[in-house]
Structure formats: C-alpha cells, structure tokens
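Nothing in this text is a laboratory measurement; each read-out follows from the coordinates by a stated rule. Note that the structure is predicted; figures quoted are calculated from it, not measured. Glycine also receives a Cβ, built like all others from the backbone with ideal geometry; neighbour counts cover every protein chain displayed.
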Amino acid sequence: MLSLNNLQNVIYNPIIPYVGTIPEQLEPGTLIVIRGHVPGDSDRFQVDLQCGSSVNPRADVIFHFNPRFKRTNCIVCNTLKNEKWGREEITYDMPFRKEKSFEIVMMVLKDKFQVAVNGKHTLLYTHRISPEKIDTLGIYGKVNVHSVGFSFSSAHYTWNRMDGKDSSSLQDLRSAQASTLEVTVLNGEDVPNAGMSQFPSNRGDTDKIVPRSVYTKSKGSTAHHTLTCAKILPINCLSKTLPFVARLNSSMGPGRTVVIKGEVNAKAKGFNVDLISGKSKDIALHLNPRLNSKAFIRNSFLQESWGEEERNITCFPFSPGMYFEMIIYCDVKEFKVAVNGVHSLEYKHRFKELPSIDTLEIDGDIQLLEVRSW
C-alpha cells in the first residue's frame, strides 16, 4: 500500500456523504487513494469524480465507481452527462467484502481510469468526458472512510523486509529527477547482428521483434508516451518498437534500482524483462509475466542453460490494457520486484557477479513508456 506520508491534501475520517473540491487538476499520473471499511449492513456505496457539486441540476459525473452488495456482488461504472446516465460497465470480480477494510487507488491515465483495490488491479474505464473537467470528489452510500489522499507529483514506494528490521524507500517513476537516469539506449548499429536477437530465444511465449533505432520527438510536438532514456540521448524520446536494449551506465549491485513504465497490450500474451551480463551474455534475472496463464515466471540463463523456473506468486499483478510501473531493486542477496507500488516477489541471486550485470532488455506485448535506472 502507498504510505500516507507520501500523499498530499489528506482528509481524515470525512463524514459521508462527502463532497469536496479536488485541489489540483487531475492530470495523467494523478493518484486518488481512499481507505475505509465496508459495514456489515452496506448494500452499496459510490465514489464519483464530478464537475462541480450542483444538486439541481445534478453535476456531471465523469467517473462513477459503484460497488454493490445486494443480489449480485459487482462494481458498476458509468458517466452522468446532462443528468442522463450512459451505458453501465459491470465488473463481477468483486474485491470488496462486508466487515473488511479496503484501499482504493484510482489512477488517471491519458485515455482511461485505472483502479486497483487492496493492491490488485480491478478495472479500466475509458474516458467518455475529458478528466480535465473534474474538480470535485463525492463519496456516498453505506461506507466508512478513514482517509482520502492525492498524489499529484511524486511518491515513494516502500519495501519492508520480512523481519521488519529494515526498509528501502524507492522513488516513484513520476518523480522529475531526470538527472538520475542512467541507461544508454543501444540502436541497431550498437547491437551485434542487428535484426537478430543476441540472447537466448526460449523465454516464454513472446515472439522476438527486429530491433529498431530510437528517434527523438521535435521540441514543439507533444508526446503522450515518453520513453525516458540516458544522458546520451535527450530526455524525451520514443522507441519505434521492441525489443528495447539499453546499457546501464552504472553496473548492478546492492542498492541499484531499475524502473520500467509501460502499458500492457489489449490482447497481450506476455512480455519479458531481462538483466544481462553483456560480457558473458548470461541472464541474471529473467522476468516473464504470461497473461494467458497468469504465471509470473522468474529464471536465469547461466552458462548457456536455463535454470529452474520460479512461479509461485500471491497475486498476478498484470491485466490486458493496464498501465504498470515495475520496480526492480537489487538487494545484497536477492532482487525485489514491485508492480504499481505493491511488492510482488523476491528472486535470490543465482548470478553472483553483480557488477557484471550491465544490460537491460525488454520485449513482448507492451507499449514501453519509460525506463529509469539509478
């Protein structure tokens, strides 16, 4: 869960119904975090992102998020425009339970809202009206809300060791510290045998795609999807296609972090993220989420041979169409991986020469938006 210390404009124990002004414009990347408890007698509650607070005529509701417990448990989403509801979008995979606490994280994206409940991706809702018009948050129904907070700029993700004695704070992708970027994009001229993968091909069920070069957006143009690269390239650049291959300007070791921001394709089968020793071509860490089987594969390719796959995971964190931020943190004994601020897994080091890990490769059924390393 996101730390309340990293949220802004936090409101504690609001009286329901609650109607309050949102202090800043909801730009892509903004988070709204609501924590509360569902009472035992609740039949429904709703969270509305509104255009004002007018009652008569009723204000437009850009995003209506409505968990219902009567008859069939479901979440109904909709938009109210000119006092008329549109077509309902219903999700039957119900994450809320009576007498249980919850955390709702709503993320505003360029073309949709993305909602996670209790750290698990729950639904996507495509914008029917521009979110720029949203200025009011409304919470109604039978629900107890402990806090409401926003993240308009930057936040921190925190990992706690199992023993609770230590923690590592990781910067969120949306921080503006571009000077910390430390990856060098390799185009076709830099990669040996360009047009063919120089690494093993049996990495799950994603096909290899011919590498392409990287191009730079002109200063006057608007790039909705920016791939943040190295000091060797301008900050804003876009990769034409995958695979993406980059050299870490500082090699891997304890405390090093790699952050990958992307969007899973609507019909995705899977993708892979690999940390590689450029000298030996060994793959120290192979991450391969497979959406068709909901398996998050971890492995290493050492001395020209794949090791034993690790598959166990509490919750598969990816879904078609969803935006994600994956953080890979190198600890002394293991890699730790978090997705959208929620810890997903640990992977003990099989490749012991950590300073030799100097290359990152990403491929598969995703749109790659940003890569950072520090």
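Can you give the charge dipole size of region 296-355 about its Cα centre, rounded to the nearest 20 debye, using +1 on the beta carbon of Lys and Arg and -1 on the beta carbon of Asp and Glu?
Computed charge dipole of region 296-355: roughly 100 debye.
For region 309-374 and region 1-53, write down the distance between their C-alpha centroids in whole Å.
Taking the Cα centre of region 1-53 as reference, the centre of region 309-374 is 30 Å away.
Points 7 angstrom from Cα along the Cβ direction at LEU302 and ASN56: gap in nanometres?
7.4 nm
Kindly list the residues of region 348-374 that lie in the label zone of SER280, defined by a backbone N under 19 Å from the point 7 Å along the Cα-to-C-beta vector.
Inside the label zone: 348-361.
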